[in-house]
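Bear in mind that the values in this text are calculations on the coordinates, not laboratory data. Keep in mind the model is a prediction, meaning the values are calculated, not measured. All Cβ positions, even for glycine, are placed from backbone atoms using ideal geometry, and neighbour counts span all protein chains on display.
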Amino acid sequence: MSRKSGYHHGDLRAALVAAGIEMLEAGEPFSLRALARRAGVSTAAPYRHFADREALESALAVQGLRELMSELTSGRPVSSSVAEVTELAAGYVRFALRRPALFRLMFGQACDDEDDQRVAAAGALHDYLESVMAEVFPQSDPVAMATAGWSLAHGLAFLHLDGKLPNTDQSAIDQRVRSTFAVVFPSAV
C-alpha cells in the first residue's frame with residue numbers, strides 16, 4: 001500500500017488515534033511524525049487532524065475516557081447500592097491496571113479545556129459518577145460523594161500502578177478495593 005493510498009483508507013483521524021494508543025501502550029516515544037510512519041501516511045497528514053502533540057494527546061485521552069465510561073456503564077443500569085458502587089470502583093482500578101499508559105495520559109495532566117470533545121468526555125464521566133451517588137446516597141451532596149468515591153478509586157488505581165500496593169493478583173486487588181470502600185462506606189458490608 002502506498003502512502004497516498006494509505007491516507008484514503010477511511011477515517012484517518014480514528015486510525016491515527018488507534019496508532020497513537022498502540023504506540024503509547026507499547027511504551028514507544030511518539031510524535032506526529034512517528035505517528036504518521038506508524039499509520040503509513042505522509043508526515044503532513046496528522047496535521048490535518050492535530051495541531052500538535054498536545055492535541056494528539058488530548059484526542060488519546062478522549063478515547064480513553066470514552067472507553068472507561070463504556071466499561072463502567074456497559075450492560076448495567078445506574079448503580080443503586082454501595083456494593084454496586086464498589087464494583088464500579090473495582091472496574092475503574094482494573095481499567096487503570098490493564099491500560100496503564102493510557103490511564104496515566106488521561107489523568108496525568110490538566111484537562112485541555114479548549115478541546116470540546118475532552119471536556120465532554122470528562123464531563124460525561126463526572127455526570128455519571130454524580131448520578132450514581134445521587135441514586136445511592138439521596139440525602140447527601142452527590143458532587144461531594146462522587147468526588148469522595150472517585151478519589152478513593154483513583155488513589156487506589158495509582159497506588160497499584162506505582163507499585164506501592166501489590167498489583168499482580170487481580171482478585172486480591174478487587175478485594176482490596178472492596179474492603180477499602182467498605183471502610184469508607186460502611187453500608188457496603
Want the number for Ala83 to Glu135: 0.36 nm per residue separation, take away the alpha-carbon distance, what's left?
17.4 nm
Between Gln109, Ala55, Met23, whose Cα lies farthest towards the positive end of the dipole of the chain when Lys and Arg beta carbons carry +1 and Asp and Glu beta carbons carry -1, centred on the Cα centre?
Met23
Show that you can apply the helix-only estimate: for the chain, add -39,500 (n - 2.57) for every DSSP H stretch of four or more residues, divide by all residues, and state [θ] at 222 nm to the nearest 500.
-22000 deg cm²/dmol
Give the angle, between 0 and 90 degrees and rounded to the nearest 10, that separates the Cα long axis of helix 53-73 from the longest principal axis of the Cα atoms of the chain.
40
With each pseudo-label sitting 7 Å past Cα toward Cβ, what's the Gln117-Gln175 distance in nm, one decimal?
4.2
FRET efficiency for Ala182 and Arg13, using Cβ-Cβ distance with R0 set to 41 Å, rounded to 0.05:
0.40
Positive minus negative residues near Ala146 (Lys, Arg vs Asp, Glu; Cβ under 14 Å):
-4
With Cβ to Cβ distances under 14 Å as the rule, what net charge do the other residues near Ala90 carry (K, R +1; D, E -1)?
0
